[in-house]
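Following: one structure in structure tokens, then a few remarks.
Bear in mind that the values in this text are calculations on the coordinates, not laboratory data. All of these numbers come straight from a predicted model, not from anything done at the bench. FYI the Cβ positions are ideal-geometry reconstructions off the backbone, even for glycines, and counts take in every protein chain you see.
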């Protein structure tokens, strides 16, 4: 009987001390769309968000990944900023508008761009597939 009581108390203590799972926030960015197909020529898209407290976490295109954390050319605290690279332009035009432009795809193969967005402990992605020339 004594062992049963101790076992019950141990199980009770372990189950009552568990913390809620971190990193599982609800969608607080609320993208209007997440997946896009572009032709090989220059193309662009405007995406709106339901949330206004988000920033660009990282950008990957083909085999390259761009991280702008602590980059002095991009101030993520502002409501609007631009990221300009050779093959793309990404602008946060205001708190709820993201503009993405890809230059002509001259790589000879399909190009895939993935833009990671973050708001607190919630992460979401925009994926663009651009057909080959």
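Distance from the alpha carbon centroid of the range 101-131 to that of the range 39-64 works out to 6 angstrom. Where the alpha-carbon atoms of the range 23-130 are placed on the principal axes, they occupy 39, 29, 24 Å, in descending order. Mean sequence separation of contacting Cα pairs (under 8 Å, at least six apart), scaled by the length of the range 23-130, corresponds to a relative contact order of 36 percent. The slack between residue 84 and residue 44, meaning 0.36 nm per residue of separation minus the straight C-alpha distance, is 13.0 nm. Placing pseudo-labels 7 Å out from each Cα toward the beta carbon at residue 132 and residue 71 gives an inter-label distance of 2.8 nm. Ordering of 78-89, 43-54 by packing is 43-54, 78-89, highest average first (other Cβ atoms within 10 Å, averaged per residue).
Peptides 114-121, 96-103 ranked from most to least packed, by the mean per-residue count of other Cβ atoms within 10 Å: 96-103, 114-121.
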